[in-house]
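This report concerns only the one structure given below.
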Amino acid sequence: MKKRVLITGGAGFLGSHLCDRFLNEGFEVIAMDNLITGDLKNIQHLFEREDFHFYHHDVTKFVHVAGNIDYILHFASPASPIDYLKIPIQTLKVGSLGTHNLLGLAKEKKARILIASTSEVYGDPLVHPQSEDYYGNVNTIGPRGVYDEAKRFQESMTMAYHRFHGLETRIARIFNTYGPRMRLNDGRVIPAFIGQALRGEDLTVFGDGSQTRSFCYVDDQVEGLFRLLMSDYSNPVNIGNPDEISILDFAKEIIKLTGTDQKIIFKPLPKDDPLQRQPNIDLAKKVMGWEPKVSREKGMEETYKYFQSLSKEELEKSEHKDFSKHIR
Ligand code: UDP
């Protein structure tokens, strides 16, 4: 009998890569998604497979799955600042009510559950790099609060189920991750810059571009998540790539990568935009023997190829929306 895994947000960027990985590992996969930010085209290559099923369902409503489930990965959530602005209440609900439903399902099915948490639980961090014992600096009522607080609540709820019900739980604190199947118009910096380069527009750097991020390629992220699920460690673990870069330098890298002669233009820094972000991954190394392997150069090459393969129509549809002014 194949082990069965439920992946919520299965039609999203990370969720769809997880579907691929678990199918390759010989699992039966049930992907669940309400398709608000997910897209069926990310999983259309899986529809013919007998060991893959798709349920169109919103996990903030009671979740029913017939039969046994061995593992649950809860990856349903908007995950970009532009989405939090457009759908703030759904963002809060999926992290809180959705998580509660899935913890309840895990308890019922005696399944192990891995929750997708985020570096956003550290907010605009006062400690650098961020390790798991840092409690964070989050503005509860700022534009990112709907995501950050839902994810913080999600961690508390997950630990409560672990401690009170003895549920097998895993918490991944995911740092900026990129790769094929990111949404071209999700507002995140990588699709934003590549989209701009492909459309021949100037690259919009927010603030002076001195804020930093550390980008993890999706294959490395999925490997880390898989190992964490299979580990016996139930406290939160950072999964990300510590290779840190300023957004201004990153914009220059994109211009080089795309071979375009785009200019860089500066726009106001959105409110609560973290000034620095870099994971300390000592714990992941210790618990799962994991560290990222794919360089930014290689990962960005793959990602660029993916965006180039999109149709002209999709590219035009994705015209960059400058949202920085809305969230001050
Ligand atoms: N950013 C930017 N120009 C854009 C989009 C984003 O300079 O067109 C900046 C943004 O202000 C942030 C960084 O890039 O400092 C990463 O943004 P993203 O939305 O990808 O992720 P997050 O802020 O959640 O890490």
Close pairs (7 angstrom Cβ cut-off, 6 or more residues apart or separate chains): within 21 Å of Asn176 (Cα to Cα) and touching a residue at least 24 places away in the same chain (Cβ under 8 Å) in the stretch 255-275, more than 9 Å from the ligand (Cβ to nearest atom) and among the polar types (S, T, N, Q) anywhere: Ile255/Gln262; Asp272/Asn139
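Identify, from the list Leu225, Leu184, Leu167, the residue that is within 28 Å of Ile254 (Cα to Cα) and out of contact with any Gly (no Cβ under 6 Å at 6 or more places or on another chain). Please lay out each step first, then the result.
Working: Leu184 fails: out of contact with any Gly (no Cβ under 6 Å at 6 or more places or on another chain); Leu167 fails: within 28 Å of Ile254 (Cα to Cα).
Going through Leu225, Leu184, Leu167 in turn, the sole match is Leu225.
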Inter-residue pairs, beta-carbon under 8 Å, first within 14 Å of Asp124 (Cα to Cα) and in the stretch 140-166, second open to solvent by 30 Å² or more (accessible area, probe 1.4 Å) and not in a loop (DSSP other than H, G, I, E, B), 6+ apart: Thr140/Glu149; Pro143/Leu85; Glu149/Leu92
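Mind checking which strands (runs of 3 or more DSSP E) fall wholly inside the stretch 167-256 and carry at least 1 residues that are surrounded by 18 or more Cβ atoms within 10 Å (Cβ to Cβ)? Let's see the steps before the verdict.
Numbers: elements: 169-174, 203-206, 212-214, 237-239, 244-246.
Correct list: 169-174, 203-206, 212-214, 237-239.
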Criterion (more than 16 Å from the ligand (Cβ to nearest atom), modelled with pLDDT of 95 or more and of a type in the set (D, E, K, R)) met by exactly one of Glu253, Glu301, Glu313: Glu301
Checklist (1) open to solvent by 40 Å² or more (accessible area, probe 1.4 Å); (2) under 20 Å from the mean Cα position of the chain (by Cα); (3) farther than 23 Å from Ala106 by Cβ applied to Asn24, failing item: (2)
Conditions (1) open to solvent by less than 60 Å² (accessible area, probe 1.4 Å); (2) under 13 Å from Gly15 (Cα atoms); (3) not small (Gly, Ala, Ser): number failed by Leu40: (1)
Of all residues making up the stretch 118-137, the number that are part of a loop (DSSP other than H, G, I, E, B) and within 13 Å of the ligand (Cβ to nearest atom): 2
Subset of the stretch 179-200 [in contact with a strand residue (DSSP E or B) (Cβ under 9 Å, 6 or more places away or on another chain) and more than 7 Å from the ligand (Cβ to nearest atom)]: Gly179, Pro191, Gln196, Ala197
Matching residues, the stretch 257-284, being open to solvent by 20 Å² or more (accessible area, probe 1.4 Å) and touching a Gly at 6+ places or on another chain (Cβ under 9 Å): Thr260, Gln262, Ile264, Phe266, Lys267, Pro268, Leu269, Lys271, Asp272, Leu275, Gln278
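The values are calculated or read from the model by the stated rules, or taken from the named source; none is laboratory data. Fair warning: this is a prediction, and the values are worked out from it, not measured in the lab. Here the Cβ is made from the backbone with ideal geometry for all residues, glycine too, and neighbour counts use every protein chain on show. All accessible areas refer to the heavy atoms of the entire protein, side chains included, with ligands and DNA or RNA removed. Shrake-Rupley method; radii C 1.70, N 1.55, O 1.52, S 1.80 Å.
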